[in-house]
Every structure is written in C-alpha cells, then in structure tokens.
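*Asks:* Here it is, the structure, as structure tokens.
The values are calculated or read from the model by the stated rules, or taken from the named source; none is laboratory data. What you see is a predicted model, and the numbers here were worked out from it, not measured in a lab. So basically every Cβ, Gly included, is an ideal-geometry build from the backbone, and we count neighbours across all protein chains shown. These accessible areas exclude ligands, DNA and RNA; they are computed on the full protein's heavy atoms, side chains included. Shrake-Rupley method; radii C 1.70, N 1.55, O 1.52, S 1.80 Å.
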Amino acid sequence: MANIVVVGTQWGDEGKGRVIDLFAKKVDAVVRYQGGSNAGHTVVVDGEKFVFHLIPSGILHPGKKSIIANGVVIDPEQLLKELEELRERGIDTHNLYISTNAHVVMPYHKDLEVWEEEKRGKNKIGTTGKGIGPAYMDKAARRGIRMGDLLEKETLKEKLSLNLEIYHQLYGFDYSEDDLMQKLLEYGQKLKTYITDTSLLIHNLMREGKDILFEGAQGTLLDIDHGTYPYVTSSNSTAGGVCTGAGIGPRDISKVFGVAKAYTTRVGEGPFPTEIKGAVGNLLRKRGGEYGATTGRPRRCGWFDAVILRYAARINSLDELILTKLDILDQLDKVKICVAYNCRGKIIKDFPGNFELWKECKPVYEEIEGWKEDTSKVNSYSELPSAARNYIKRIEQIGGVPIRLFSVGPQREEIFATT
Ligand code: IMP
C-alpha cells in the first residue's frame, strides 16, 4: 500500500474513521497528523461502536503502530480517558506513540475558547469547545507547552509561569500554578512510556519498507488556510498538513484518498450553499444519524456539492474517492448534485477563493432520479439499483475523481469496490 493519506473532502464527518479502519488492515502504522480531541472517528466492529477523538483508530488492529504526531494538539486528560476506555474493552494500547513535540491543550485554552465564543455572539464559530484554536494560537506564538515538556520539571515551570502571566494580563484568568504543575507532571508520568520522536520513528519505518497510513481529521473546508475561514478549525486538515504535521517530505506520500459522504453535512456555523432545510434535511439527519460524535450537536444536512469535491481534488491532489452512506438516500424520489454556483449572476464551476463571494453563491443543481430501493443489503456494485450506480457515476464525472469504494452501512463489511 506504501504511504497513503486519507482526508475528508467536505466539512468533516465524512466517515473517515471506517475507511481508515479498512485500510489499517493493510498497513503497518497509522498516524494522526493534525487536530485534537475535536475529531470524532467512529468505527463499528461486530456491532460494537468505538469513537476515537485522539488515538488513531488503527489501535483496533493488534500489532500495528498508532502514532500521534507533532501536528496534533493533545488534551492529556482526554487521551488518558480514551486509553483507559480502550484497555477496559480489552484493546492492547502498547503500540501507541506520541510525539514529544505535539502541543498540550491546557485548561486555559478551553476557558479562552468559551470566553471568545461568547464575545463573538452571533458571529461565533460554533467550535467543539475542546480548546483547539487557543492551543494552536499559543503554538504559533511560540509559547506552547509540548508533550516532552511534561517530563522536564524546570522547563515546564518556566513555560507555565509565562503562560499564566500572559493569560492573566490579557484575559484576567487566574489559575493555581502549583495545582496545574502537579497535574501536568502527573500526566507526564502516566504518558512517558509513549512519548518519543515520532518523525524519526516514521522515517525508520519507511526505511524498513513498512506501509503507513496518515489519517486526516476534520475535512478540506475546515482547513485553516483553504477552508471557509473563519468558520474552520485551526490546523491544516488537507493533505499538505501531513508533511508538517508528521515530519515527512512530500515525496514520501504515494497516494491520497478522499472520503465524501453521498450528501453533505456541516456542524457549527458558517455558510452552506446546498443546505436543505425542512423535511428532506430532517430525513437525512434522522436516517444518517447526523449528530456530532464529539459534541452530540445535530448536523446540518444538504445535497452533494461537486464544486466542493473538485476543489478538494485540487487542494489535496486526490487520487481516488470513497463515497460513504449511499443508503441514506434510499427513500428519496429525486436526488440533487450541485454542479456549479451562481455567484452574483455569473455561473462558476470552480470554488471561489474569495470567501465573501462564496457566501453569496447559490447552487446550480443537476437533478437525477432517486432509486427508492433499500441498498443497505447489497453485496456488490452490480447489485445496486441502476439509478444508484448512475448517481455514483455522475459524481465521478462531475467531480473528476474516480470513485473506488462506496459504503451502505457502518459495519466493517458494508463497504464495496465500484469495479
Ligand atoms: P474547533 O475545531 O473545535 O475549533 O471548531 C471549529 C469548527 O470546526 C467548528 O465548525 C466545528 O464544528 C468544526 N469541527 C471541528 N472538528 C470537527 C470534526 O471532527 N467534524 C466536523 N466538524 C468539526
């Protein structure tokens, strides 16, 4: 399989968890390279549901290395909770590796996020409340505390004092330095066997000819640079983030897979041109179980947007696409695909780089016949109703990316090749 990347092509929640779980079988290591506990990757194994926030879902595969690389921001409390839950369910966690350079999400990051969202009022971002933005803010300001610092008492004390002073001066926040120090040192002790130089580890694995899967969190339109800013997350969730987030060079990547849901969802605020309000939107939410895996918030639902897919293909160099949750559309009479936008009276096929312009774009739809048949029991592409195959083909043609797999249910075995 060589070194592959799996990214979301929409606003996250595309079903990456189950795709990563499928590919994990064929690789030696799975690497998370950005984001933090804002992610919620769901995998269902033999009817048992696992939701991962920080730990790569590759941990479910015995013997595979699970690596949390430098680009991730880690909430140690959440990480320890996740580790504990996995151990309780009989999953071996010895193969977890955590970058010494990954930044730590601190209690003041979460408090700042709540404070800022309140100040933004009606213009709030609608974050997951996990402190992700402020943690990356401190990283960029070069004062962040990193996982390796949890093992170095003097360095940790110096950094913590500086941060507490800054948070006090800027926001009037007060924390007990002694209590926080004690907590952080405890986290360090509990996690020390996992903390290592993951960039070197990945490099050595590559040198040994091992195959590696880089697991993206969130999606293309939540990327801090290429997404629908400011309604984005604070990291590079696109394929480009793999290099900086894991410490590898661009030539080390062999293939990039995109994951798209057969319709579109978005959680949090911000424009959403193909959003469906009313009965059809509610039907998709209900059938698709569209509630955030991290926050439980209802997801906004809409038609498939092929303009976004073309954009994702360009930004991520997508080689192939995996289309998930096709069965959710089973009951619809007609299915729509957004093929272009009408922007200030002009028809455009490329995603506009200017967010102000994009906010005003109206979708131009191609309407196709629904299949009105249960696809959840099919066992191959050829068993799909012809209208469903037509839907897949049209997305492929309009989006310009070959669709390699499609899924019709959450179970490991409910995903099939299109050939
Ligand atoms: P943050 O990442 O918590 O800062 O939230 C910023 C935006 O990204 C909000 O709109 C969140 O709802 C969205 N977001 C963050 N993580 C995910 C995810 O894993 N799936 C879907 N949306 C996400």
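*Asks:* Answer yes if at least one residue in region 179-186 is open to solvent by less than 50 Å² (accessible area, probe 1.4 Å), touching a Gly at 6+ places or on another chain (Cβ under 8 Å) and either among the aliphatic types (A, V, I, L, M) or modelled with pLDDT of 95 or more (or both), and no otherwise.
*Replies:* There is no residue in region 179-186 that is open to solvent by less than 50 Å² (accessible area, probe 1.4 Å), touching a Gly at 6+ places or on another chain (Cβ under 8 Å) and either among the aliphatic types (A, V, I, L, M) or modelled with pLDDT of 95 or more (or both).
*Asks:* Moving to a separate point now. Between residues in region 122-138 that are under 12 Å from ASN38 (Cβ atoms) and residues that are basic (Lys, Arg) and open to solvent by 40 Å² or more (accessible area, probe 1.4 Å), which pairs lie under 6 Å by C-beta distance while being six or more apart or on different chains?
*Replies:* Going by the 6 Å Cβ cut-off, the qualifying pairs are GLY131/LYS110.
*Asks:* Show the residue pairs that are 6+ apart or on different chains and have beta-carbon atoms under 8 Å apart, the first residue being within region 99-121 and over 17 Å from LYS139 (Cβ atoms), the second being among the polar types (S, T, N, Q).
*Replies:* These pairs meet every condition: GLU117/THR127.
*Asks:* Hey, among LEU170, LEU191, which residue is more than 16 Å from the ligand (Cβ to nearest atom) and either of a type in the set (D, E, K, R) or surrounded by fewer than 17 Cβ atoms within 10 Å (Cβ to Cβ) (or both)?
*Replies:* On the way: LEU191 fails: either of a type in the set (D, E, K, R) or surrounded by fewer than 17 Cβ atoms within 10 Å (Cβ to Cβ) (or both).
Unique residue meeting the criteria: LEU170.
*Asks:* Every residue in region 1-59 that is within 16 Å of the ligand (Cβ to nearest atom) and among the aliphatic types (A, V, I, L, M), please.
*Replies:* If the condition is that a residue be within 16 Å of the ligand (Cβ to nearest atom) and among the aliphatic types (A, V, I, L, M), then VAL6, VAL7, VAL19, ILE20, ALA39, VAL43, VAL51, LEU54, ILE55 are the ones that fit.
*Asks:* If I filter region 66-75 for residues that are among the small types (Gly, Ala, Ser) and farther than 18 Å from GLN218 by Cα, do I get at least one hit?
*Replies:* Of all residues in region 66-75, those among the small types (Gly, Ala, Ser) come to 66, 69, 71.
Cutting the leftovers down to farther than 18 Å from GLN218 by Cα gives us 66.
Yes, region 66-75 contains a residue that is among the small types (Gly, Ala, Ser) and farther than 18 Å from GLN218 by Cα.
*Asks:* Here's a follow-up. For region 83-97, which residues satisfy the criterion of being free of Cβ contacts under 8 Å to residues at least 40 places away in the same chain and under 15 Å from GLY58 (Cβ atoms)?
*Replies:* LEU83, LEU86, ILE91, ASP92, THR93, HIS94, ASN95 - these are the residues of region 83-97 that are free of Cβ contacts under 8 Å to residues at least 40 places away in the same chain and under 15 Å from GLY58 (Cβ atoms).
*Asks:* Moving on. So which of VAL31, VAL51, VAL43 is part of a strand (DSSP E or B) and open to solvent by 10 Å² or more (accessible area, probe 1.4 Å)?
*Replies:* Answer to the check: VAL51.
*Asks:* Which number in (1) open to solvent by less than 50 Å² (accessible area, probe 1.4 Å); (2) in a loop (DSSP other than H, G, I, E, B); (3) at pLDDT 95 or above marks the one condition that GLN331 misses?
*Replies:* With (1) open to solvent by less than 50 Å² (accessible area, probe 1.4 Å); (2) in a loop (DSSP other than H, G, I, E, B); (3) at pLDDT 95 or above applied to GLN331, the lone miss is (1).
*Asks:* When only residues in region 79-126 that are in a helix (DSSP H, G or I) and either at positive phi or touching a Pro at 6+ places or on another chain (Cβ under 7 Å) (or both) count, which is surrounded by the fewest Cβ atoms within 10 Å (Cβ to Cβ)?
*Replies:* In this case the residue turns out to be GLY121.
*Asks:* Now, a different point. Consider region 271-294. How many of its residues are farther than 22 Å from VAL339 by Cβ, crowded, with 16+ Cβ neighbours inside 10 Å and within 14 Å of the ligand (Cβ to nearest atom)?
*Replies:* The qualifying residues number 5.
*Asks:* While we're on this one: Considering region 383-415 alone, what residues qualify as being part of a helix (DSSP H, G or I), open to solvent by 40 Å² or more (accessible area, probe 1.4 Å) and touching a strand residue (DSSP E or B) at 6+ places or on another chain (Cβ under 8 Å)?
*Replies:* Residues satisfying the conditions are ASN390, ARG394, GLU396.
*Asks:* Of all residues in region 229-250, which are open to solvent by less than 30 Å² (accessible area, probe 1.4 Å) and more than 9 Å from the ligand (Cβ to nearest atom)?
*Replies:* Once the filter is applied, which keeps residues that are open to solvent by less than 30 Å² (accessible area, probe 1.4 Å) and more than 9 Å from the ligand (Cβ to nearest atom), region 229-250 yields THR238, ALA239, GLY241, VAL242, CYS243, GLY245, ALA246, ILE248, GLY249.
*Asks:* In addition: Among the helices (runs of 4 or more DSSP H) confined wholly to region 197-288, which include 1 or more residues that are β-branched (Val, Ile, Thr), in contact (Cβ under 8 Å) with a residue 24 or more places away in the chain and under 24 Å from VAL401 (Cβ atoms)?
*Replies:* Fully inside region 197-288 and qualifying: 241-246.
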